[in-house]
Structures are given as structure tokens and as C-alpha cells.
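Data block below; observations after.
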Amino acid sequence: MGHVRWQSVAFEAIGLALVATLLVGCGPMSQQLRQLIDSGNHQAALSKGEQYLHDYGHKRDGDAELTRVEGLVAEAALKIAKQADTASAYAKMRKAIPLTKASQAQHLEAYELEARAWLRDFAITSNTLPAYRAFRKRYPKTKAARRARGLELRLAYESASSQGTMKALDRFIVQYRLWPEAKPWIAQAQEAEAKTGYRQALVTRSVEVWRRFCDRFAGTQWSKRGRKHEVVLAWTHAQQYSDVEKVLAFIARYEHQQDVDPRIVSQARTRAAGLAWQSSGTRQDEAGVRVFIRRFESWPEAASVVAKATTRLAALRLTAAQTQGSVQALDNWLQLHRQWPEAAGLVRQARRLLVKISFTQAKSKGGRGPLQDFIDRFRDWPEAAELRVVATRLLLDL
């Protein structure tokens, strides 16, 4: 009985297989291929579908059944490639299966899977910049490209950073600055580049090096820190020479820069004014003194030196008036300078000279009129007290 039961089961299995074979062998080709694919017979589906396309494809162009078969052949080929899951398998599938409207979706999927496999098996395994760049060239618009670009960025930054030079970091920045996803890496590279440049500038202690550093990183905290060093060094160098033009050049460069300590600029202005005033050519004549005053009078730091220059200007003019030896010249001088605080002592001197010259002229003219005019004009002048007495006696003797 057992033997009979086993034969019954065997015949039943054989019958089912025959039914399946008959079912696959019958009906539209697209239905047969679908059954093969769903049962896992991908190679059989591929072979049968390709044979069908070979036999009927040129005769039934545009036929709906033919289109369905093309799609199923591409599906079977893709499933076979997925079993290998290698870049070469996907590339082979795309090469073997013609690109049609029916196979377009499978081609696109195969291309994406090929890119993923290539990235995994070649680029990531080797982990070199040439490998990632080769990937970008081969698969520029795939989903895996974003990950590949991120891996390339990380590796490129690590490589540039490990070299420890501004040149290497700058090359990284220039090469990747247009990548949207590179912003955080670019920021890190710029920070590292600035740190490296700052350390190098500290060693060189050169004004020009600091100046280039600050210009290179303008607007950053590093520029502000570097500018302090630049200004201190530049001011130290400027003070080594008794050259007013060097100090003025320092002021012209730094007085309007926001990162500069205003106290240093103030010191420079004080020194420039002092050096300019010490120049013998400055104090030689009225023209030189006037140029000095115009040049420095707007600087609060030069106030004391400008005051000296103003006194000097008044003294030079008084000497010229005294040389003329006329009342009119002294009158003109007093009219111009009597309100100058810096000329207070000179005003008193000029008044004494004017009194003396006026008395001498009145006496030399003779007669009561000139003496009386002298007395009347200088009646309230303390400087004329003694000569008024003399003039009064002379007037009484006439």
C-alpha cells in the first residue's frame, strides 16, 4: 500500500509540473515570461524573450505585445545582474539590452546600481582622490554621486590639512568652492589656512607679510588679530627714523582703518608734528611756518606744536614790521595779532615799540600838535606812561 501511495504522489507532482509547463508554453509570450520571472527562472526568461525578439521583432514593430516582451526581457536581465551585484554586471546588462521606451526604467535603475557598486567596490575600497574623481566623471548625475562627492571632500580636506601649508589648503578651497555641499569644508579650510598663515607671520615679523596676511583674510577675526601685529611693527619701524615723511606715510595708511588702535595713530600724529616742527626749514620763514600750521592744525595731538608755530609766525611778522620801522607797520601787526593768545607776549612788545616809535616821530616833528596827538592816542596805554610824562613836559616848555 505504501508503494502505491508513493506512486500516486509522484504522478501527482509530475502532473502539476506538466500542467505548469503547458501553462508556460501556452498563452502570449509576455505572460510566459512573467511566469518564468516570478518563479525565479530569470535566465530562462531572458533567453526565451531574446529569441522571441530575434524572431519577431523586425516583423511586429510597434506591437503592444512586442513592447511588453522588451520590458520583461530588460527586467529579467536586470534581475540576473542584481544577483552578481557588480558594476561590470550592470554595465554588461545595459550594453546587452537595447535602450527602448519599454526598457528605459530598467536601464536607469541599472545605471544607478552600477554607480553604487562602482563606488562601493572601487572608489571606497581604494579611497583615493583619483578614484573619486573618476567616479564623478563616470557617474555624474547618479544618486550615489552625492555620497561620492562627500567622501571626496572629506579625503581632499584631510589631505590638504595634513600637508600643513597655506598653498595646499588654498588649492582645496579653489578646487571645491563652487560645490554647495562643500561650504562647511571650505569654512574649515579657510580657518586652518588662516591659522597656518598667522603662525608663519609671527615667525617672520615682517610688515609686508602681515599686510598680505590681513588683506588675504580681510573681514575675519584673523585679519583683526594680524592687523595689530602689522601696525605695531610698522610703527616700530617708522620710529627708527627721524623722517617725518615716513611717519606721515604710516598715518596715511592706518588712520582710517577700523582694526587699528587709535592710540598708536595719536602717537604717530604727535611725533609727525614734532619732527616737522624740528625741521629748520619749517621755522626759517613765514611761508614755511604757515604751511606747517595748515598741515597740522586739524590734529588735536599737534595742538601744542601748532601753538608754538603760531607764536613763531607772529614773531616773524613782528620782526618784519619792526624792520620797516614805521607806525603803520606796527599798527597793522597789532590789528592782526592782538586777539591771538599765542602772541600775547609779542603784543606787549609790539605796543612798547609802537609807543617808542610814535614818541620819537612826534618829538622830531616839533610843535605842540604832534606831541598832543601822541598824548591823546596813548593816554590809556600803560606802556606809554613814562613817555606821556616826557611829552607833557615838552609840551609845557613850548
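The values are calculated or read from the model by the stated rules, or taken from the named source; none is laboratory data. Treat the numbers as computed from the prediction; the structure is a model and nothing was measured. In this analysis, Cβ positions are derived from the backbone assuming ideal geometry, glycine residues included, and neighbour counts consider all displayed protein chains.
For the residues LEU346, LEU371, the requirement of being surrounded by 18 or more Cβ atoms within 10 Å (Cβ to Cβ) and within 30 Å of LEU396 (Cα to Cα) singles out LEU371. For first residues located in the stretch 356-372 and on the phi > 0 side of the Ramachandran plot, partners that are at pLDDT below 95 and lie 6+ apart or on another chain with Cβ distances below 9 Å form the pairs GLY366/LEU398; GLY367/LEU398.
Among the criteria (1) over 30 Å from SER279 (Cβ atoms); (2) of a type in the set (Phe, Trp, Tyr); (3) surrounded by fewer than 17 Cβ atoms within 10 Å (Cβ to Cβ), the one TYR241 does not fulfil is (1).
Mind telling me which of the residues ALA344, ALA384, ALA329 ends up being in contact (Cβ under 8 Å) with a residue 12 or more places away in the chain and either assigned by the TED database to the domain that holds LEU316 or over 28 Å from ALA309 (Cβ atoms) (or both)?
Values: ALA344 fails: in contact (Cβ under 8 Å) with a residue 12 or more places away in the chain; ALA329 fails: in contact (Cβ under 8 Å) with a residue 12 or more places away in the chain.
Exactly one residue qualifies, and that residue is ALA384.
Give the residues of the stretch 171-187 that are touching a residue at least 12 places away in the same chain (Cβ under 8 Å) and surrounded by fewer than 17 Cβ atoms within 10 Å (Cβ to Cβ), sorted by residue number. Listed by number, the residues that qualify are GLN175, TRP179, GLU181. Within the stretch 196-215, can one find any residue that is closer than 30 Å to TYR111 by Cβ and crowded, with 19+ Cβ neighbours inside 10 Å? Checked against the condition, which is being closer than 30 Å to TYR111 by Cβ and crowded, with 19+ Cβ neighbours inside 10 Å, the stretch 196-215 yields no hits at all.
Rundown of residues vs (1) outside any helix (DSSP H, G or I); (2) modelled with pLDDT under 90, yes/no style:
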| position | (1), (2) |
| --- | --- |
| ARG212 | no, no |
| VAL232 | no, no |
| ILE251 | no, no |
| HIS256 | yes, no |
| ASP259 | yes, yes |
| GLY274 | no, no |
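Scanning the stretch 364-385 for residues that are out of contact with any Lys or Arg (no Cβ under 7 Å at 6 or more places or on another chain), within 27 Å of ARG317 (Cβ to Cβ) and part of a helix (DSSP H, G or I) yields SER364, ASP373, PHE374, ARG377, PRO382, ALA384, ALA385. For the stretch 314-349, which residues satisfy the criterion of being assigned to a loop (DSSP other than H, G, I, E, B) and either under 19 Å from THR282 (Cβ atoms) or within 58 Å of the chain's Cα centre (by Cα) (or both)? If the condition is that a residue be assigned to a loop (DSSP other than H, G, I, E, B) and either under 19 Å from THR282 (Cβ atoms) or within 58 Å of the chain's Cα centre (by Cα) (or both), then ARG338, GLN339, TRP340 are the ones that fit.
The rows are residues; the columns are (1) within 41 Å of the chain's Cα centre (by Cα); (2) surrounded by 12 or more Cβ atoms within 10 Å (Cβ to Cβ); (3) over 22 Å from ALA344 (Cα atoms).
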| position | (1), (2), (3) |
| --- | --- |
| ARG269 | yes, yes, yes |
| ALA273 | yes, yes, yes |
| ALA276 | yes, yes, yes |
| THR282 | no, yes, yes |
| ALA287 | no, no, no |
| SER298 | yes, no, yes |
| ARG312 | no, yes, no |
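One residue alone among LEU113, LEU99 is without any contact (Cβ under 8 Å) to a residue 12 or more places away in the chain and in the same structural domain as GLY40 (by the TED database), and that residue is LEU99.
Restricting the stretch 117-160 to residues that are among the polar types (S, T, N, Q) and surrounded by fewer than 16 Cβ atoms within 10 Å (Cβ to Cβ), the residue that is nearest to TYR90 (Cα to Cα) is THR125. It is to be established whether one or more residues within the stretch 78-87 are among the small types (Gly, Ala, Ser), surrounded by fewer than 14 Cβ atoms within 10 Å (Cβ to Cβ), touching a Phe, Trp or Tyr at 6+ places or on another chain (Cβ under 9 Å) and modelled with pLDDT of 95 or more. Scanning the stretch 78-87 turns up at least one residue that is among the small types (Gly, Ala, Ser), surrounded by fewer than 14 Cβ atoms within 10 Å (Cβ to Cβ), touching a Phe, Trp or Tyr at 6+ places or on another chain (Cβ under 9 Å) and modelled with pLDDT of 95 or more. Can you find even one residue in the stretch 181-199 that is under 30 Å from VAL232 (Cβ atoms) and hydroxyl-bearing (Ser, Thr, Tyr)? Among the residues of the stretch 181-199, at least one is under 30 Å from VAL232 (Cβ atoms) and hydroxyl-bearing (Ser, Thr, Tyr), which makes the answer yes.
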